[in-house]
Number of protein chains: 2
Amino acid sequence: MNPKCYSVIIAGGKGTRFWPLSRSQRPKQLLKILSRKSLIVETADRIMTLSGLERTMVVTVADQLSALRKELPKLPRGNFLAEPQGKNTAPCIGLAALEVVARSPDAVMVILPADHWVKDIHAFRKSIGSAVDLAMRHDTLVTIGIRPDYPETGYGYIVKGRLFGGKSGAAYQVKRFTEKPSISVAQRLIRQGSLWNSGIFVWKASLLLELLQRYQPKIAQALEQIKTATRGKSLGAPSPQIRNVVAREYKKVPNISIDYAVLEKAGSEGKVLTLEADFGWSDVGSWDAVYRMLPHDQNGNAGNGKWLARGAKNSLIHAEDRLVVLLGVEDTVVVDTPDALLVGNIKRSQEVRELVEDLNNKGYGAYTVK
Amino acid sequence: MNPKCYSVIIAGGKGTRFWPLSRSQRPKQLLKILSRKSLIVETADRIMTLSGLERTMVVTVADQLSALRKELPKLPRGNFLAEPQGKNTAPCIGLAALEVVARSPDAVMVILPADHWVKDIHAFRKSIGSAVDLAMRHDTLVTIGIRPDYPETGYGYIVKGRLFGGKSGAAYQVKRFTEKPSISVAQRLIRQGSLWNSGIFVWKASLLLELLQRYQPKIAQALEQIKTATRGKSLGAPSPQIRNVVAREYKKVPNISIDYAVLEKAGSEGKVLTLEADFGWSDVGSWDAVYRMLPHDQNGNAGNGKWLARGAKNSLIHAEDRLVVLLGVEDTVVVDTPDALLVGNIKRSQEVRELVEDLNNKGYGAYTVK
């Protein structure tokens, strides 16, 4: 463990694309899709050797706070930071940086989305360790870049520049970020050696606050107001007065991702490194991603719970209490929950988001994610 | 109403192909697939104007008796005949003929499977009325032949011979019966004007008993023993002693359909007529038949219960208490029950029978039809 290293788990998402499993009161990070543990518990377990319970933090939105505390009961209550509302990742990471600096002015923070899948936990820990070293020694922004398995069009890509340092074979200057490319662009990016942008970032909290001042003055001002209110003390378990200040300031900050707010700008100035990694990773974005990650039988079917298939191929079954039986279907996802059932073409998993809109519009809002 | 006319509803089937809706304790004739009424209630309602409550009978197997009495509470208890075990339709119809003759020696019996669908109830009643007239006046076996809608390979066909009588344009000698043809044979049969064999038969009970004596001496002997035991009285609500005789005799009779046992043989001797009818009919054999009968929306989807579809086509949804949502699937049947769910390719509906075998073999017998 590194006493100068904090982990920050970002857990504000809804996971609409995992309907009907995800609901307003059961966001994606609480789902047990890939194992008997929820995604956020998997994430916390993965990082525990690095930062321990004392230095692992969770940032979430106020209405998920109590559910997340229940899910991670060993984490100190003061390590949960609640945003009054979701404003994308830049304000969220800024708030976490303020907290880290308050606790340890020159600490490195490892930012981890709560809902990712990692195959090789040892390789993961080794990569994060190298990234922490880089960030600590060179005072730079480090992103974890994943060697792609296939031309995914739902991810962002990192175009690598010069090899950094020379000693560490895995670190490169970031030349450019490319969001969600077309399939042909994704194929070209892979041929050129570009990496998936994992959304896992490592940097000194103080450096991030500096860069926010430079690139995002509105966010920096809001953070400054919050810091004044806390007098540089912890934001965990805040007083009602401090909660009011945070709520007031959050109304003013733009809704913006850390990628657009800081990384793209710093990258174009040559200030971002990427650490190339290959630990088996997915952002678990939709049911087709889950299908890819689960083990398959000889007919390409994957599932959990009680299920049986006859003449069915390449299908995903999520069964809970009931018996699910497939007959002669292909590329089908079946997600069974106590009150709602989804039967879909797995290749159209991305559309679940629009499907939830349809449900809200047609009077089935009680069944959805809002 | 015709006091010389009895209706006999045959209700012994299991309906395995309607799994997971059909179960051991909920056979096909009790299912509410097509309306808010079960198939057997629809059947009884359809025939009530012809034979009334007093002369409408139900033949079933012993373990379905109490469920059927509950389903048709107005029918006199003595009008339910229970077979000790299923032995296909010939023994069952023979038993009913014995009962009809005991009540009215020269009466006509109309034999109706409990699980059919009829679209035009007035046309149906008119056809049955004509068939009863024919059977009464000419002492002949009459089958209802349905003008085919499409080359169904799951049905039996009736090849028409000479027009009968000349007055009634709709009655023909039966030239030949053809069971479940290939698709090309079915197409040729339709071009030649052949009819679907509906399994609805009309004849004098006494004539049927005569023909059983001639073609099926084992069945005739068993019926003779039963008649001796009852001394020519009703078989409805029998004494334990008579039940024992029926059980003993049923062990001796062959398992054979009325088609093979009597109709084919009598037909080849020119003794069977078919009344051509066009009242909209289906034997509701499997989920694809149900799909054809239900009204469809503009995307070809049909269903009942709470359901919603996005980009789905030509699919059938049977929802009960839960919300069923389809995304981008085609030709899919979804049948949702409280403890088991089927998601299938509707074109493979016939295979549900084998699927139930699979379930029994793999330890899921508690969910099936046995």
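The values are calculated or read from the model by the stated rules, or taken from the named source; none is laboratory data. Here the structure is a predicted model, which means the values were calculated and not measured. We place every Cβ from the backbone using ideal geometry, glycine too, and count neighbours over all the protein chains shown.
Say whether the condition of being in a loop (DSSP other than H, G, I, E, B) and more than 16 Å from the chain's Cα centre (by Cα) is met by at least one residue in the range A:37-48.
The answer is yes, given that some residue of the range A:37-48 is in a loop (DSSP other than H, G, I, E, B) and more than 16 Å from the chain's Cα centre (by Cα).
Quick one: is B:Ala366 small (Gly, Ala, Ser) and surrounded by 20 or more Cβ atoms within 10 Å (Cβ to Cβ)?
So B:Ala366 does not fit the description; no.
Residue check: is A:Glu152 more than 23 Å from the chain's Cα centre (by Cα) and either part of a strand (DSSP E or B) or assigned by TED's automatic domain parsing to the domain that holds A:Cys92 (or both)?
Judged against the criteria, A:Glu152 is not a match.
When you go through B:Ile144, B:Ile128 one by one, which is the residue that is of a type outside the set (Gly, Ala, Ser), in the same structural domain as B:Asp278 (by TED's automatic domain parsing), under 17 Å from the mean Cα position of the chain (by Cα) and in a helix (DSSP H, G or I)?
B:Ile128
Modelled with pLDDT under 95, among the hydrophobic types (A, V, I, L, M, F, W, C) and assigned to a strand (DSSP E or B) - does that describe any residue in the range B:7-22?
Among the residues of the range B:7-22, not one is modelled with pLDDT under 95, among the hydrophobic types (A, V, I, L, M, F, W, C) and assigned to a strand (DSSP E or B), which makes the answer no.
Return yes or no: is B:Val253 surrounded by 20 or more Cβ atoms within 10 Å (Cβ to Cβ), more than 22 Å from B:Lys119 (Cβ to Cβ) and away from chain A (no Cβ under 14 Å)?
Details: surrounded by 20 or more Cβ atoms within 10 Å (Cβ to Cβ): yes; more than 22 Å from B:Lys119 (Cβ to Cβ): yes; away from chain A (no Cβ under 14 Å): yes.
When the stated conditions are applied, B:Val253 passes them.
Given the options B:Ala312, B:Ala289, B:Ala302, B:Ala277, name the one that is more than 8 Å from every other protein chain (Cβ to nearest Cβ), farther than 27 Å from B:Glu42 by Cα and of a type outside the set (S, T, N, Q).
Just a single option satisfies the conditions, and that option is B:Ala312.
Only one residue in B:Arg188, B:Arg176 is over 29 Å from B:Arg103 (Cβ atoms), assigned by TED's automatic domain parsing to the domain that holds B:Cys92, assigned to a helix (DSSP H, G or I) and not small (Gly, Ala, Ser). Which one?
B:Arg188
From the list B:Pro91, B:Pro27, B:Pro76, pick out the single residue that is modelled with pLDDT of 95 or more and crowded, with 20+ Cβ neighbours inside 10 Å.
B:Pro91
Could you grab me the full set of residues in the range B:189-233 that are more than 25 Å from B:Asn255 (Cβ to Cβ) and exposed (fewer than 15 other Cβ atoms within 10 Å of the Cβ)?
Residues satisfying the conditions are B:Arg191, B:Gln192, B:Gly193, B:Arg231, B:Gly232, B:Lys233.
Output the residues belonging to the range B:118-134 that are exposed (fewer than 15 other Cβ atoms within 10 Å of the Cβ) and of a type in the set (Lys, Arg).
The answer is B:Lys119, B:Lys126.
Among the polar types (S, T, N, Q), facing chain A (nearest Cβ under 9 Å) and out of contact with any Ser or Thr (no Cβ under 7 Å at 6 or more places or on another chain): does that describe B:Thr337?
So B:Thr337 passes the test.
Confirm whether B:Leu112 is under 22 Å from B:Phe18 (Cβ atoms) and buried (at least 22 other Cβ atoms within 10 Å of the Cβ).
Spelling it out, B:Leu112 is indeed under 22 Å from B:Phe18 (Cβ atoms) and buried (at least 22 other Cβ atoms within 10 Å of the Cβ).
Can you tell me which residues in the range A:304-338 are among the acidic types (Asp, Glu), within 20 Å of B:Glu320 (Cα to Cα) and modelled with pLDDT of 95 or more?
A:Asp336
Mind counting the residues in the range A:54-73 that are loosely packed, with under 14 Cβ neighbours inside 10 Å and modelled with pLDDT of 95 or more?
Residues meeting the conditions: 2.
Checking B:Arg17 against (1) of a type in the set (Lys, Arg); (2) more than 14 Å from every other protein chain (Cβ to nearest Cβ); (3) more than 24 Å from B:Asp120 (Cβ to Cβ), only one condition comes out false. Which one?
Single failed check for B:Arg17: (2).
Could you please let me know if B:Gly328 is facing chain A (nearest Cβ under 7 Å), at positive phi and surrounded by 19 or more Cβ atoms within 10 Å (Cβ to Cβ)?
So B:Gly328 fits the description; yes.
Condition check ((1) among the polar types (S, T, N, Q); (2) farther than 18 Å from A:Val262 by Cβ; (3) at pLDDT below 95; (4) out of contact with any helix residue (DSSP H, G or I) (no Cβ under 9 Å at 6 or more places or on another chain)) across all residues:
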site	(1), (2), (3), (4)
A:Asn197	yes, no, no, no
A:Ser206	yes, no, no, no
A:Leu211	no, no, no, no
A:Gln225	yes, yes, no, no
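When the residues of the range B:344-369 are narrowed to those that are in contact with a strand residue (DSSP E or B) (Cβ under 9 Å, 6 or more places away or on another chain) and in a loop (DSSP other than H, G, I, E, B), which ends up farthest from the other protein chains (Cβ to nearest Cβ)?
Ranking the candidates gives B:Val369 first.
Does B:Val272 satisfy the condition of being within 14 Å of chain A (Cβ to nearest Cβ) and either within 26 Å of the chain's Cα centre (by Cα) or of a type outside the set (Val, Ile, Thr) (or both)?
Taking the combined requirement at face value, the residue does not satisfy it.
Among the candidates A:Pro217, A:Pro240, A:Pro254, which residue alone is at pLDDT below 95 and not hydroxyl-bearing (Ser, Thr, Tyr)?
Being at pLDDT below 95 and not hydroxyl-bearing (Ser, Thr, Tyr) holds for just one of A:Pro217, A:Pro240, A:Pro254, which is A:Pro240.
Is it fair to say A:Tyr155 is surrounded by fewer than 20 Cβ atoms within 10 Å (Cβ to Cβ) and touching a residue at least 40 places away in the same chain (Cβ under 8 Å)?
So A:Tyr155 does not fit the description; no.
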